[in-house]
């Protein structure tokens, strides 16, 4: 593919480029867990209860994954061709322990994709909790209580997670809202209003690896903010990590790069373009990490550690388990 072919130069005006609350589709992103998924997962949970081991060692059979994949086909279509995110409602956390709920979530995730490691430690199930860390001191936003700003997960990794999932076990005392934004609507508005800046966003930027590298290895990676493969737009983005990446690489952002990033931030800051909601205990959020940005607003947590906000994150690769769904 040539450089020219890797750029999207025309608007995409299908369901993927949604504004907040499109009137023709309402809340299509809210879905129920299919009964087939319960039929698959509950016997596995029963077996695990009898001989508890690490959750990540519990792997569905190929037959179970096929059945789950078929049941979740409408969810995958929404992720690929619709809003780009789905809230699955929900695992009853009053009936299951946190560990059991996490196992059920892990099994449902396997029906959508292959779990991916999320850090150099090889973590597959990542606890999203406020540890008191400070993102200005090198911490990832996921272990702070700060507003994370609109971003895609693992934008600095060489292999991008296709789907990002979150299971809510406990919400914050206040705040911590989820906000979702279409990368396509950002791209469309830049084409319409600032096309001269768009080409810059298809060029490489330095991303801060946040310490996710070995001794002697570079502290940054380079990726474009936008890439077009002829079928799907991919956006890699977290503004703060790009700023820090260029500082670490000793490659100051050019005037054109600063203007291009500022244009993205102007669009992302528009409240009329994003959906906002609070995940409830037991709800699962799945999003397409190529086409959908997300933000977690800042929050105040409970004093009691047993009541503090706790989400579990899962990264999934669709290539190992299922090809992209064909259009109906």
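Readers should treat all values here as calculations from the given coordinates under stated rules, not as data from a laboratory. Treat the numbers as computed from the prediction; the structure is a model and nothing was measured. Here the Cβ positions follow ideal geometry from the backbone for every residue, glycine too, while neighbour counts run over all protein chains shown.
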- Cα long-axis angle, helix 98-110 against the chain (0 to 90 degrees, to the nearest 10): 60
- Query: Sorted by packing (mean other beta-carbon atoms within 10 Å per residue), highest first, where do 180-192, 83-95 land?
  - Reply: 180-192, 83-95
- Option label - Cα Rg over 2.2 N^0.38 Å computed here, alternatives (1) 1.16; (2) 0.99; (3) 1.36: (2)
- Can you give the angle from 0 to 90° between the axis of helix 255-268 and the longest principal axis of the chain, with both taken from C-alpha atoms, to the nearest 10? 40
- Task: Given the options 178, 119, 193, state which has the largest fluctuation in a GNM of the chain using a 10 Å cut-off (strictly under) for Cα springs.
- Result: 193
- the chain: relative contact order as a whole-number percent, Cα under 8 Å and 6+ apart: 32
- Message: How tilted is helix 183-193 with respect to the longest principal axis of the chain? Cα atoms for both, answer in degrees (0 to 90, nearest 10).
- Response: 20
- Note on the structure: antiparallel share of DSSP beta bridges within the chain, to nearest 5, in %, is 95
- Item | Highest-first arrangement of 103-109, 26-32, 140-146, where packing means the average Cβ count within 10 Å | 103-109, 140-146, 26-32
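Sort 163-173, 249-259 for me by packing, meaning the mean count of neighbouring Cβ atoms within 10 Å per residue, highest on top.
163-173, 249-259
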